[in-house]
Amino acid sequence: MLKATLKSLLSRKLRLVLSALAVVLGVMFVSGSFVLTDTLQRSFTDLFSSAFANVDVSVSPKKEKGKQPEPLTPADISEVKAVPGVASAVGEVEGSARPIGKNGKVITTSGSPRFGFNWTGGGQEKIREGRAPQAEDEVVVGGYLASTGGFRVGDDIALLTLEPKKTFKITGVYEYAGGRDSLGGELSVAFTEPVAQQLLLGKKDVYSSITVTAANGQSDEALRDSVAAALGSGYEVKTGETLAKEQADQINEGLKFFNYVLLGFAGIALFVGIFIILNTFSIIVAQRTRELALLRSMGASRGQVIGSVVLEALVIGLIASVVGLGAGIGVGALLATIFSSVGGTSLQLAGIGVPMSAVISSFAVGMVVTVVAAVMPALRASRIAPVAAMREAATPDRPLTKITIIGALVAAAGGTALGFGFNSASLPLVFGGILVAFVGVALLTPVLSKPMVSLIGRLLSWSMPGLLGRRNSARNPRRTAITAAALMVGISLITGVSVVLTSATKSIEKLAAGQLQTDLIISGEGQVEGSPATFKREVLAEVEKTDGVSSAFGWASDGVLQGDDQMFAVAVTDVPAMRTMFALKPKSGDIAPLRDDQVALPEDLAAEKGWSVGSTLTLQLAKGEPRTFTVRFIWAKTQVLQGALVLPESASSGFRSDRIGQAFAQVRPGVPVADVQKRVEPLFADNPEITVQDRSAFVKQTTSQFDTVLLMIQILLALAILIAVLGVINTLALSVIERTRELGLLRAIGMRRSQVMRMITVESVVISVFGAVLGLAVGLALGVATVQALKDQGISELGFPWVTMAQYLVVAAFVGVVAAILPAIRAARLNVLDAIAYE
């Protein structure tokens, strides 16, 4: 029996390749994910070990939750120097410094930091060209900043720090060990010490940290303990090795999430692959009916027949796992190389590694998925009676009643789990519900396939080949359903995400039209090293005086602590103007200017905290002691400033920065908004991070991020759709083999090769479009359910991406045409006499 199984397997090499291909792609994604994250983790560990190589011990002010730490002073440095075992102690200054390019815009990075520091000459940085800064208006820049911005020694460079734009003369360019331009794609610049203190920390004679070098024979751990004992509990004292590990752990934590995302899509790919493998083995069993029946009549037991099919699955799974692992190593290495060079990260890779998790998961996933998908066809094969060997047609279609009832129950269970998952905000329940719902819909597809395929096929059956193609796609509902279900999964996920993002966009647009009654929005384009871009209060006063502006207000923002709860707060310059421009309505109390000890909040937050007008709350701002505020008013539920505390303007003195982070202006009736915008924009000429936009442009910028998210998901789910395309090719190719005699008879009675190809193409297109229609329907249901569950999170409007959905249908039709090419060519090239004699 073993010999017969292996001979059968090797005699059908095309079937072997097509069966393994879907598993190969899924395994490739799994192993590639582990290879990529392992390589990057080791690379970042090496990077931070190198970055802190010159640090034996580091001293920094202790951070208290919700409070900005006080910087270190020269007295602290003197105290550290006096500790036995200290060879040297150098004060370090570091803070946000954003360089402005020659085009007048801030130079951005792909996530790497932009910072400034004081040049000490004792760190890893070595002057490559020029000299160190000596005067207040001189700086040296890193090699990567010099190459990115096109700067040379002698050029001027403008920088944004805690203060507005200032221009400096570049006196030198520095590099790191090995001649590297950067450690990780950072844009860095070094000032003289007094200038760095003023611009980066806000005052002279203060430091961010102290770098301590140990005397000969003194261990880092012992020195750390000595320094910590001398300074007391108000400081954080760590070894350079500990700092390197902490930085690497933070990066690796982010990489874990990245890995989970990749593995999630790998899971989707394998889930789609299961449909294809199940379909493949179903066709294989159907094709081998007479062969298996003959084996039964010769004495083979049911167990041996099951073993024969499962053995074939094991061989396919083993081959797919080996090939998938190899492909995954290549893909992981390629992605790691791209990651290390894109955006100027210049990350030196630690060497491509193949962790044991990649090997184990590849074989476990590849072989388990293949065998599990083959179990049902194997059981079906074992039920073939010996008498089937004497039948001409041994694969009669079976009733769909049982599978339809099971499918309805499974789909209902998935929908119920999905509902509970949304209500309890449980991701495992949500994902589990989606998975079960997909299985339920897949089980229901056979009963849907006949009427839907017949309807779709009518559009393409204007000729005899088209009519035959339509009937071929409808003659085996189970096979058509499984093939279409593979495409359905990818299309439905993309459609569901599209519905959610379209609804979010529509909700923001409605919010802007209904509740945002402001004409101009003044804000930074993004986050600046953890805090929003800001501008001076004096500039806001100039905005109010601008011709055509009727009123304007802004706020400084920061996180505050209420007990142990971290909350978001804004210090508003003009509460009445905010009420008008945000269309706020009072829920309790009158919306009026706040005194220094008063606070306002939205209805939702008040209900959550149990606060009412007159309630007192104690807040810890970033600076100073805790302060007590009394609730002045509560405004009715709105999508603006959800979950935020509104504090008086004076409270901004306790924020990390009291500068304005966002402002709004209203234009006088009858005055063109565009004209006023042109008069306001020059006020921010010295602040390239701040933009002045009208309401429509602001909404467009806000929603543009959704397009990026959708594109990323489409790219990742393209693998699932690619596997589904392979499924269509697989089904058609095996179907052509199964119908060899039938095709020979059609050719014998006069059907031309072009007509055969057209027939196969129509069959392929009908199956693909059926899968897409099914995917659109399921995706719409998932999207609508998600939007309903997110109503309290601000997505109040339901929107449908009709154009995108139409594009998916067109793509599905194109997929059908492409998938039919190889099977159609094979069918057209069949030798008529050989085909008629084929058994």
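Rule-based calculations on the coordinates, nothing more; no lab input. The shown structure was predicted, so the numbers you read here are calculated from the model rather than taken from an experiment. Quick reminder, even Gly has a Cβ in these numbers, built from the backbone with ideal geometry, and neighbours come from all protein chains shown.
Tabulated data
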{"quantity": "Computed FRET value (nearest 0.05) for residue 564 with residue 204, which takes r as the C-beta separation and R₀ as 30 Å", "calculated": "0.25"}
{"quantity": "Nitroxide proxy distance, nm - points 7 Å out along Cα→Cβ at residue 356 and residue 510", "calculated": "5.5 nm"}
{"quantity": "Sequence of 176, 260 once ranked by neighbouring C-beta atoms within 10 Å, starting from the fewest", "calculated": "260, 176"}
{"quantity": "Helix-only [θ]222 nm of the chain, DSSP H runs n ≥ 4, -39500 (n - 2.57) each, per residue, nearest 500", "calculated": "-19000 deg cm²/dmol"}
{"quantity": "Three semi-axes of the equivalent ellipsoid, region 60-119, Cα gyration tensor, whole Å, largest first", "calculated": "33, 16, 10"}
{"quantity": "Residue-span extension gain [residue 537 to residue 821] - 0.36 nm each, minus C-alpha spacing", "calculated": "95.6 nm"}
{"quantity": "Efficiency of FRET from Cβ geometry, residue 416 and residue 155, R₀ 60 Å, rounded to 0.05", "calculated": "0.35"}
{"quantity": "Phi to ³J(HN,Hα) by Karplus 6.51 cos²θ - 1.76 cosθ + 1.60 over region 233-240, Hz, x for Gly, Pro", "calculated": "7, x, 10, 9, 10, 9, 7, x"}
{"quantity": "Computed lengthening from residue 229 to residue 301, 0.36 nm per intervening residue step minus Cα-Cα distance", "calculated": "18.0 nm"}
{"quantity": "Sites residue 219 and residue 368, calculated FRET efficiency, Cβ-Cβ separation with R0 41 Å, nearest 0.05", "calculated": "0.25"}
{"quantity": "Amide hydrogen neighbours beyond the local backbone of residue 662, cut-off 5 Å, H modeled", "calculated": "555"}
{"quantity": "Interchain or long-range residues, amide H under 5 Å from residue 572's placed H", "calculated": "647, 649"}
{"quantity": "Rel. contact order, % - alpha carbon contacts under 8 angstrom, at least six apart, region 436-567", "calculated": "13 percent"}
{"quantity": "Cα-based reach from residue 245 at 16 Å (exclusive), listing aspartates and glutamates while leaving out same-chain residues under 8 positions away", "calculated": "38, 46, 56, 220, 221, 236, 253"}
{"quantity": "Separation of the residue 797 and residue 700 label points, Cα + 7 Å toward Cβ, nm", "calculated": "1.6 nm"}
{"quantity": "Volume per residue that the Cα convex hull of the chain spans, once the total is divided by residue count, Å³", "calculated": "211 Å³"}
{"quantity": "Difference of contour (0.36 nm per residue) and Cα-Cα distance, residue 162 to residue 401", "calculated": "78.9 nm"}
{"quantity": "Surrounding net charge for residue 231, when Lys and Arg each add one and Asp and Glu each subtract one, Cβ distance under 9 Å", "calculated": "-2"}
{"quantity": "Proximal lysines to residue 700, defined as alpha-carbon separation beneath 18 angstrom and excluding residues fewer than eight positions away on the same chain", "calculated": "506, 510"}
{"quantity": "Rough spin-label spacing in nm, given labels placed 7 Å along Cα→Cβ, for residue 131 and residue 348", "calculated": "3.1 nm"}
{"quantity": "Local electrostatic count at residue 798 - Lys and Arg +1, Asp and Glu -1, tallied over other residues with Cβ under 10 Å", "calculated": "+1"}
{"quantity": "Mean separation of Cα contacts under 8 Å, 6 or more apart, over the residue count of the chain: relative contact order %", "calculated": "16 percent"}
{"quantity": "Non-local Lys pairs in region 534-686, i.e. 8 or more apart or on different chains, that have alpha carbons under 23 Å apart", "calculated": "9"}
{"quantity": "Euclidean distance between Cα centres, region 67-110 to region 620-685, Å", "calculated": "30 Å"}
{"quantity": "Positive-end residue of 36, 832, 240, charge dipole of the chain with Cβ unit charges", "calculated": "832"}
{"quantity": "For region 45-126, with +1 on Lys and Arg beta carbons and -1 on Asp and Glu, the positive-most of 103, 93, 73 along the dipole", "calculated": "103"}
{"quantity": "5 angstrom amide H check on residue 797, placed H, neighbours 5+ away", "calculated": "507"}
{"quantity": "Simple Cβ-charge dipole of the chain, Lys/Arg +1 and Asp/Glu -1, about Cα centre, in debye nearest 20", "calculated": "5540 debye"}
{"quantity": "Extreme residue, positive dipole direction of region 57-247, given options 192, 124, 171 (C-beta unit charges)", "calculated": "171"}
{"quantity": "Helix 302-341 axis, angle to the chain major axis (alpha carbon atoms, nearest 10°)", "calculated": "30 degrees"}
{"quantity": "Neighbour-count order for 690, 276, fewest beta carbons within 10 angstrom listed first", "calculated": "690, 276"}
{"quantity": "The chain - share of DSSP beta bridges that are antiparallel (%, nearest 5)", "calculated": "75 percent"}
{"quantity": "Length-normalised contact order for region 534-686 - Cα pairs under 8 Å, 6+ apart - percent", "calculated": "35 percent"}
{"quantity": "Per-residue Cβ neighbour rank within 10 angstrom, fewest leading, 404, 370", "calculated": "404, 370"}
{"quantity": "Paramagnetic reach from residue 73 (point 7 Å along Cα→Cβ, amide N under 18 Å) across region 206-228", "calculated": "206-210"}
